[in-house]
1. Work out, step by step, the length gained on full extension between R55 and T86: first 0.36 nm times the residue separation, then minus their alpha carbon distance; give nm to one decimal.
2. With a/c under 1.5 counting as rounded, go ahead and sort segment 1-143 into rounded, prolate or oblate using the C-alpha gyration tensor (a ≥ b ≥ c being the square roots of the eigenvalues; past the cut-off, prolate if a/b is larger than b/c, else oblate).
Amino acid sequence: MSAPTLTRPSGARTIDELLEEARARLDRVTPQEAATRIARGAVLVDIRPAAQRAREGEVPGALAVERNVLEWRFDPASDARLPEATGYDVDVIVLCSEGYTSSLAADALRSLGLSRATDVVGGFLAWAAAGLPTRGTPGRVTAPPGPSGSRSASGRSGPGAPASAGCWPGGARRS
């Protein structure tokens, strides 16, 4: 059986093109740069699904907001916004597993007017590899569980919210 022939509609772009365009609009940060910004008040937002966070581990203090509700939670004009969405100048750093979905998510926040939104190059896996604090990472705990742990903010979603995408679907590519 042969593969179907696909003709791309005029104006359609591939996911690689969308990712390249999104990243061109971002000032992406390394895990170390993210940690410095967080220490100065930036909000680290982990968009991985709960099952992925449980499997890979978490960054203590990160705000867990699954991808399918992110824009509703951080749009300062949304009735479903979080208390952290105090305005358009919030320093939001988005984290996924490997730094793919987070680039698209951070670009979506920038489209809402959050001009300081960005993401972590390499995602959670790069954060953990850099030796930065994690909790629940298989075979490694560098921060105690407790009040400084991840906070969840998933809750209700807005109309037309896209399905949760997790991070890189194949798990094989690296940023």
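1. Numbers: separation 31, 0.36 × 31 = 11.16 nm, distance 3.14 nm.
Gain on extension, R55 to T86, equals 8.0 nm.
2. Details: a/c = 1.87, a/b = 1.27, b/c = 1.47.
Taking the square roots of the gyration eigenvalues as a ≥ b ≥ c, segment 1-143 is oblate.
No value in this document is a laboratory result; all are computed from the given coordinates. This one's a predicted model, so the numbers in the text were calculated from it and none came from an experiment.
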